[in-house]
Every structure is written in C-alpha cells, then in structure tokens.
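Visitor: First the structure, which I've put down as structure tokens, then a few questions once you've had a look.
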Amino acid sequence: MRGRFSRGHCSGRLVRDPSFRDFVEDQLRDLAGLRMRPMFGGHGLYQGPAFFGILFKGRLYFKTTPATRPGFVAHGMRPFRPNARQTLRTYYEVPVAVLEDPEQLAAWAREAAGRPRATGGSRR
C-alpha cells in the first residue's frame with residue numbers, strides 16, 4: 001500500500017483521501033489490540049484501553065509526552081487543532097515518512113499508547 005498518498009505541492013502534507021482510515025489500519029496491522037472508534041467527525045485509535053491516536057480530516061495524530069514531543073517537532077509537525085479556537089498540545093501529527101513505514105509507525109504507535117518499542121524506529 002505504499003505510495004498511495006502523496007505530498008501536497010507546497011506544504012509537504014498528505015493529500016486527503018477517503019480511504020485514509022483503511023490505509024492507516026493496514027499500516028498498523030501488526031499492532032496487537034488496535035481498535036478504531038468513530039468520534040467527533042474522525043476516529044480514535046486505541047490499543048487495549050489506551051487511547052493514543054486521532055484520525056481527523058485525512059491526518060493522523062499520536063499522543064505525545066514531554067519526552068516524545070521533540071521528535072515530532074523536529075520533523076516540523078504541529079499539534080492537533082480540531083478548530084480555530086482549540087489546540088490539543090499533547091497530540092501531534094505523524095510525519096509522512098513514519099506513516100509510510102509500517103514498522104516505524106507501529107513503534108511510534110506503541111510508544112504513544114504507553115508501551116515500549118519492540119523495534120528500532122528512532123525519532124532522532
């Protein structure tokens with residue numbers, strides 16, 4: 001499924017696609033206990049009881065901590081902003097390069113869910 005999403009002309013962000021949810025689910029197929037539940041016009045991502053991600057308007061956001069947030073910022077990612085008046089600073093957009101690599105995406109997802117990484121995929 002790689003190569004299914006392309007970067008925008010200027011911003012380097014993903015072009016929206018109606019099958020984005022399916023793409024993300026496929027990329028995270030090896031993440032044990034993954035569930036996606038509809039919420040507020042998007043989807044929430046869970047691993048077991050842990051809520052760790054948000055799919056919203058063709059973008060994927062993962063929960064961050066003070067220790068993991070710099071990795072997102074270093075990739076130029078921004079926090080989740082569901083509307084003009086609200087910003088959730090603990091959820092940051094996942095970089096395209098990570099999104100397109102299933103192993104690295106699963107490692108970032110496990111960390112966002114509060115579980116240790118099973119493989120490489122360093123954010124540095």
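Visitor: Which numbered condition in (1) of a type outside the set (G, A, S); (2) in contact with a helix residue (DSSP H, G or I) (Cβ under 8 Å, 6 or more places away or on another chain); (3) at pLDDT 90 or above; (4) assigned to a loop (DSSP other than H, G, I, E, B) is the only one that W108 fails?
Guide: With (1) of a type outside the set (G, A, S); (2) in contact with a helix residue (DSSP H, G or I) (Cβ under 8 Å, 6 or more places away or on another chain); (3) at pLDDT 90 or above; (4) assigned to a loop (DSSP other than H, G, I, E, B) applied to W108, the lone miss is (4).
Visitor: Are there any pairs with C-beta distances below 7 angstrom linking a residue in segment 101-115 that is under 17 Å from Y46 (Cβ atoms) to a residue that is in a helix (DSSP H, G or I), with the two at least 6 apart or on different chains, and if so which?
Guide: Taking only residues 6 or more apart or on different chains, the pairs are L105/Q27; L105/V98; L105/L99; W108/V98.
Visitor: Only one of (1) farther than 23 Å from G33 by Cα; (2) modelled with pLDDT of 95 or more; (3) surrounded by 15 or more Cβ atoms within 10 Å (Cβ to Cβ) fails for V73. Which number is that?
Guide: For V73, the exception is condition (3).
Visitor: Any chance you could count how many residues in segment 92-102 are of a type outside the set (S, T, Y), surrounded by 14 or more Cβ atoms within 10 Å (Cβ to Cβ) and not in a loop (DSSP other than H, G, I, E, B)?
Guide: So the answer is 5.
Yes/no per residue for (1) within 21 Å of R115 (Cα to Cα); (2) assigned to a strand (DSSP E or B):
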site: L45; (1), (2): yes, yes
site: F51; (1), (2): yes, yes
site: I54; (1), (2): yes, yes
site: L60; (1), (2): yes, yes
site: F72; (1), (2): yes, no
site: R81; (1), (2): no, yes
site: T90; (1), (2): yes, yes
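Visitor: Let me confirm something: among G48, G58, G41, which residue is at positive phi and either touching a helix residue (DSSP H, G or I) at 6+ places or on another chain (Cβ under 7 Å) or basic (K, R) (or both)?
Guide: After applying the criteria, what remains is G58.
Visitor: Oh, and also: With respect to R85, is the statement that it is more than 18 Å from L28 (Cβ to Cβ) and surrounded by 15 or more Cβ atoms within 10 Å (Cβ to Cβ) true?
Guide: no
Visitor: Among the candidates F56, F23, F51, F62, single out the residue that is aromatic (F, W, Y) and touching a Pro at 6+ places or on another chain (Cβ under 8 Å).
Guide: Step by step, each of F56, F23, F51, F62 is checked, and only F56 is aromatic (F, W, Y) and touching a Pro at 6+ places or on another chain (Cβ under 8 Å).
Visitor: Related question: List every residue pair whose Cβ atoms lie under 7 Å apart, where the two residues are 6 or more positions apart in sequence or sit on different chains, the first residue falls within segment 78-93 and is in contact (Cβ under 8 Å) with a residue 12 or more places away in the chain, and the second residue, located anywhere, is surrounded by fewer than 12 Cβ atoms within 10 Å (Cβ to Cβ) and in a strand (DSSP E or B).
Guide: Listed by first residue and then by second, the contacts come to P79/R89.
The values are calculated or read from the model by the stated rules, or taken from the named source; none is laboratory data. Bear in mind the structure is a predicted one, so any value in this text is a computation, not a measurement. So basically every Cβ, Gly included, is an ideal-geometry build from the backbone, and we count neighbours across all protein chains shown.
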